[in-house]
Amino acid sequence: MQLPRYIAHRGLSKHAPENTLAAIQAAADAGCEWIELDVQCLGDGTPVIWHDESVDRCSDGKGALVDMTRDQIRPLDVGSWFSSEFRGERMALLDEALSLVSALELGLNLELKLNPGHDPVELANIAVHRARQVLPLDRLLVSSFDMTALESARAQDEELALGLLYEAVPRRWASDAERLRPVSIHADWTQLDQERLIEIQRAGLAMLCYTVNDPERFASWWDHGVNGVFTDDPGLFDPRYQRQARGDRRRKPR
């Protein structure tokens, strides 16, 4: 898998409400090749693109995702909190997001997000199955902090590209990697350790860092061999990835 240097975090979340269809479209309009999205299940098992445990922060509703059904989330406005430009945006179902990602020919890092009350095996089984039906192997990377979820994903598909997700890369990372056979390690760039980075490079794995929105402070890590970053705005790093006005939806050429 040829992983990109820049991955738009939760879609182009600097310029559109995170984890929405609008954020996916905005990333494509800005010329991004890859995006990252979070998936978790509602209480009725419906997989949706969402990060938080509850809908409180990014919608006009209240409540825990695990207590909600598809019918309950569909009326929620998940765009107005960001700006009036996105009023009426709805929570994206996984199937809707995958369809748009496929149509726009984007690569996707799908993070299996496990909040309290969720079953990692159920989430992995649903999300990986649906993603593999829509996206080719070279445009799908599945990551998670939850090793049980990744074990289930690996059991489903021996060829699936996996990313091991940590805050700080732990000493046990090599043991996790031997068991799960990932293509990449993902970590919080503010907790990055050069010794661990060297170990990862020697193992032939890619190192991706999140969430990097300060190119100047991060610059030295490129020299140490970091392969790519998750960023809310790839345009901070490269002027080719500039956000397009919502009324100008013409996809930039790759």
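Of the residues Gly63, Phe82, Gly31, the one whose Cα sits farthest towards the positive end of the charge dipole of the chain is Gly31 (charges of +1 on Lys and Arg Cβ, -1 on Asp and Glu Cβ, taken about the Cα centre).
For segment 154-240, the antiparallel share of DSSP beta bridges with both residues in that region comes to about 0%. Other residues within the sphere of radius under 15 Å centred on the Cβ of Glu96, judged by their own Cβ, net out at +1 (K and R +1, D and E -1).
Computed from point charges on the beta carbon alone (+1 for Lys and Arg, -1 for Asp and Glu), the dipole magnitude for the chain about its Cα centre is near 700 Debye.
With +1 assigned to the C-beta of every Lys and Arg and -1 to the C-beta of every Asp and Glu, and no other charges, what is the dipole magnitude of segment 1-47 about the Cα centre in debye, to the nearest 20?
160 debye
Could you work out the Rg to Rh ratio of segment 6-236, with Rh taken as the Kirkwood radius (inverse of the mean 1/r over all Cα pairs)? That ratio equals 0.95. For segment 134-203, the list of trypsin sites (Lys or Arg not before Pro) that fall in a loop by DSSP and count at most 11 other C-beta atoms within 10 angstrom reads Arg171, Arg172.
Think of the chain as a dipole: +1 on every Lys or Arg Cβ, -1 on every Asp or Glu Cβ, centred on the Cα centre; then among Tyr241, Leu123, Phe218, Tyr241 lies furthest on the positive end.
Positive-end ranking of Leu21, Cys41, Ala149 along the dipole of the chain, with charges on Cβ about the Cα centre, is headed by Leu21.
Annotation for segment 85-123 versus segment 138-195: alpha-carbon center distance of 19 Å. Looking at the chain alone, DSSP beta bridges between its own residues are antiparallel in about 15 percent of cases.
Enclosing the Cα atoms of segment 6-134 in their convex hull gives a volume equal to 93 cubic angstrom per residue.
Summing Cβ point charges (Lys, Arg +1; Asp, Glu -1) relative to the Cα centre of segment 58-151 gives a dipole of roughly 120 debye.
Read-outs throughout are calculated quantities, based only on the coordinates presented, and are distinct from any laboratory measurement. This is a predicted model, so every value here is computed, not measured. Quick reminder, even Gly has a Cβ in these numbers, built from the backbone with ideal geometry, and neighbours come from all protein chains shown.
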